[in-house]
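Take a look at the structure below.
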Amino acid sequence: MATNTLRLLKELSDIQKNPDQAIYVSYNEDDITNVKALIIGPPDTPYEYGFFEFNMQFPRDYPTSPPKVNAITTNGGRTRFNPNIYAGGKVCLSILGTWRGEAGEQWSSAQGIESVLLSIQSLMSANPFENEPGFEGGGQKEKNYKKEQEQYCHKIQHETFRISILQRLEGYMRINPSTGRVNPVEDISHLSPAEREAEEQKRAHLEPFTDLCKRLFRYYYHTYMRTISKERERIQDGQHFTIMPFEYGGNQMAGKFSYHELERRMNAVKAVIDAEGETWAKQGAQAAKNDEGISASLQLQFSQTYQHFLSKYDGTVMLELVEDNPFCWRMIYIGRPMTILDGGLFRIKLILSQRFPEEQPRVIFETPIYHLNITSDGVPYYRPRKTDDIKSHIEALIEVLENEQLSPDPRTWMNLDAAELYFGKPEEQREYRKSFRRAVQRSTEY
């Protein structure tokens, strides 16, 4: 195996094993020199929690030479998301050799996939206007362009919702943007058996980031809607985007604001994703009825996992199958005495797809809880150590419940109101604890 292939495999494996919640990669083992990457927009920027895809092509002499990087999230080549990320896909970075840089900023073999993606992510700043040479901040120049800076951020934020999130998810799930309805799957009954089999295999193969983007949407839906609600109040629908001094021709971000429309489409996407979980449960029940192989495998996993938690947690964590469906598990957590969860009883449902682990479980807290890592409608933020092991998912959920020192990383904040209290002033922190304890005390009522 060539040296550059070994190097690429190691870099890709390291990123996949330890994702930092912001950078993801996918590749075909038949050609690892062609890599797809997804960068999640950083919090507190106009790119917040957007899904930005890039294609990376690696030359034969990598890492002596840098990869060629092309932006995919460009609205079909019509939208420039950053002074350094062109509508045509070009990414201007000195380490890629696509932009002149200062001494020491050029590519070296010590750099790699992660450093390239982190460099691109750093372009997605709170004030991307300053990325354009000649428009950097400071002094009188910053005052002169303050209005343009704000206008630029406003339109990037709008198009992050419309293009990077909604267009992508609507495409994945065949949602008609105008109606919010799912378009029917094309009839293939007229094809020959061989053609039909090939088409079915093609449909069965998910786009590499499909499930990831659905899960992230469930996490950040309320954050999206909170921002949309704020912007809708201060920006009038139909108002045209301001063209920046450095935008021109086909290399710009043109359009107009329509936050009411974005709100409607966000709700439509959420409804389809929520319904998808229930569809998994129904399909699973039918698979169990037909005695399909994956059903028997999950039934065995359940039995083993049930015994594991019964012995390890001494009855405080119990498992059951919902209506004897091996694709629908319920975890029952009983708060331990002398802990913050003392007296609590929480039911958490995990719905599994027949494509597990390619599609990760849909998890929902059936028992309401006030927690900054859990949305107001019960979607938890958690990270299993082994995504292909259901036991690891359950252990991660227990960790969410029992952890008393919560992360200051805003990417883990699912309930923003709760986060503001938890990281607020002492009196606000006390209010958070009161609200949490009230939820624990009421948990036995459900």
Handout entry: Hits in the range 73-114 - residues which are among the small types (G, A, S), closer than 20 Å to F52 by Cα and touching a helix residue (DSSP H, G or I) at 6+ places or on another chain (Cβ under 7 Å)
Key = G112
Exercise for the section: Filter the range 230-242 down to residues that are assigned to a loop (DSSP other than H, G, I, E, B) and either open to solvent by less than 20 Å² (accessible area, probe 1.4 Å) or touching a residue at least 40 places away in the same chain (Cβ under 8 Å) (or both), then give me how many there are. Expected result: 3
Fill in the blank from the handout: Only unsatisfied item for P66, checking (1) open to solvent by less than 30 Å² (accessible area, probe 1.4 Å); (2) in contact with a helix residue (DSSP H, G or I) (Cβ under 6 Å, 6 or more places away or on another chain), is (1)
Completion exercise
Considering the range 166-194, residues that are acidic (D, E) and open to solvent by less than 100 Å² (accessible area, probe 1.4 Å), and then whichever is modelled with the highest pLDDT, we arrive at E170
Exercise for the section: State whether the residues of the range 249-271 include one that is under 30 Å from N325 (Cα atoms), hydrophobic (A, V, I, L, M, F, W, C) and free of Cβ contacts under 8 Å to residues at least 40 places away in the same chain. Expected result: no
Completion exercise
Cβ pairs under 6 Å, 6+ apart or interchain, first in the range 332-346 and on the phi > 0 side of the Ramachandran plot, second surrounded by 14 or more Cβ atoms within 10 Å (Cβ to Cβ) and assigned to a loop (DSSP other than H, G, I, E, B), ordered by first then second residue, are G343/G335
Exercise for the section: Could you grab me the full set of residues in the range 345-356 that are within 16 Å of L319 (Cα to Cα) and either in a strand (DSSP E or B) or in contact with a helix residue (DSSP H, G or I) (Cβ under 6 Å, 6 or more places away or on another chain) (or both)? Expected result: L345, F346, R347, I348, K349, L350, I351
Handout entry: Residues of the range 15-36 satisfying the condition of being open to solvent by less than 40 Å² (accessible area, probe 1.4 Å), assigned to a strand (DSSP E or B) and modelled with pLDDT under 90
Key = none
Problem - So T227, is it modelled with pLDDT of 95 or more, farther than 30 Å from L350 by Cβ and part of a helix (DSSP H, G or I) - result: no
Problem - Filter result for L12 (modelled with pLDDT under 95, more than 19 Å from Q121 (Cα to Cα) and surrounded by 15 or more Cβ atoms within 10 Å (Cβ to Cβ)) - result: no
Exercise for the section: Could you pull out the residue among S392, S407, S353 that is out of contact with any Ser or Thr (no Cβ under 8 Å at 6 or more places or on another chain) and within 24 Å of Y224 (Cα to Cα)? Expected result: S407
Handout entry: Near pairs, Cβ below 6 angstrom, 6+ apart or cross-chain, from the range 122-133 (surrounded by fewer than 17 Cβ atoms within 10 Å (Cβ to Cβ)) to any residue that is of a type in the set (S, T, Y)
Key = A126/T45
Practice task
Please tell me if S295 is surrounded by 18 or more Cβ atoms within 10 Å (Cβ to Cβ), free of Cβ contacts under 8 Å to residues at least 60 places away in the same chain and more than 24 Å from A439 (Cβ to Cβ).
Solution key: yes
Handout entry: One residue from P245, P208 being in contact with a strand residue (DSSP E or B) (Cβ under 6 Å, 6 or more places away or on another chain) and open to solvent by 40 Å² or more (accessible area, probe 1.4 Å)
Key = P208
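Residues checked against (1) of a type in the set (A, V, I, L, M, F, W, C); (2) surrounded by 13 or more Cβ atoms within 10 Å (Cβ to Cβ):
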position	(1), (2)
R264	no, yes
A281	yes, yes
G284	no, yes
A287	yes, yes
D291	no, no
Exercise for the section: Look through I340, I332, I369, I394 and report the one residue that is assigned to a loop (DSSP other than H, G, I, E, B) and modelled with pLDDT of 95 or more. Expected result: I369
Exercise for the section: Look through G315, G378, G344 and report the one residue that is open to solvent by less than 30 Å² (accessible area, probe 1.4 Å), touching an Asp or Glu at 6+ places or on another chain (Cβ under 8 Å) and closer than 26 Å to E445 by Cβ. Expected result: G378
Practice task
With a cut-off of at least 3 residues that are under 24 Å from F209 (Cβ atoms), name the helices (runs of 4 or more DSSP H) lying wholly within the range 63-175.
Solution key: 113-123, 146-159, 168-173
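The values are calculated or read from the model by the stated rules, or taken from the named source; none is laboratory data. Quick caveat, the model's predicted, so the values are computed rather than measured. With ideal geometry, Cβ positions are generated from the backbone for all residues, glycine too; neighbour counts draw on all protein chains shown. These area figures cover heavy atoms from the full protein model, side chains too; ligands, DNA and RNA do not enter into them. Shrake-Rupley method; radii C 1.70, N 1.55, O 1.52, S 1.80 Å.
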